[in-house]
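Any read-out appearing in this document is the output of simple, stated calculations on the displayed coordinates, not a laboratory observation. The model shown is predicted, which means the values in this text are computed figures rather than measured ones. Cβ placement follows ideal geometry from the backbone for every residue including glycine, while neighbour counts extend to all protein chains displayed.
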Amino acid sequence: MMIKDDHHYHNIKSWVQNFEQSLSQLERNENEKAKNDPKLREIYRNEVQRKLDDLRKEIQDYETLTTHDPKTPLTLNLEDINDLPLLLIKARMAAKLSHKELADLAGLEEAQIQEYEENDYETASFIDVMSVFYALDITVKKGEFIVPLDTLRRTPITKEELLSKTT
């Protein structure tokens, strides 16, 4: 999950408060089910804490992007090609460009950019992705792609396999 706008940011902040309250109640032993089963209590606490940590990280990432000085270059790392859509969204946010401004720069319609971001660019053509990439003036340094020729797959990939790799 990635926070993409202020509305989502404020929702996530309220979720954080709810999770903090849940942890607090759990620590005070107010959850009846957890009180009766210490193992369940620990599992529940760990899950709530894990989710809380994830949400706090998302908030921190969003705040870093939205407060970044747009006159200073930003380095974004891409560990997996499936994360390219998030990189494009993060770059737009850090550049403090609206959907309309990015659309104008990329030669696209504002509604297209909004749809692409909402769907993590799943519906975008390669040419549209490249238009956004170049409109954001993104450059790649030390890009390294590994092609394992000795274990290269020799059977067609199914759509199900491909979709499972993107989640």
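A few comments on the model shown:
- Here the dipole of the chain is about 580 debye; that uses its Cα centre as origin and unit charges on the Cβ of Lys and Arg (positive) and Asp and Glu (negative).
- Å³ per residue enclosed by the Cα convex hull of the range 81-135: 67
- Helix-only mean residue ellipticity at 222 nm for the chain, each DSSP H run of n ≥ 4 adding -39500 (n - 2.57), per residue, nearest 500: -19500 deg cm²/dmol
- Anchor LYS141: lysines whose Cα lies under 29 Å away (excluding residues fewer than 8 positions away in-chain): LYS4, LYS57, LYS71, LYS90, LYS96, LYS100, LYS165
- The chain: angle of helix 84-94 to the longest principal axis, Cα-based, in degrees nearest 10: 90
- Computing semi-axes √(5λ) of the Cα gyration tensor in Å for the structure here picks out one of (i) 22, 19, 15; (ii) 28, 20, 13; (iii) 36, 24, 15, namely (iii).
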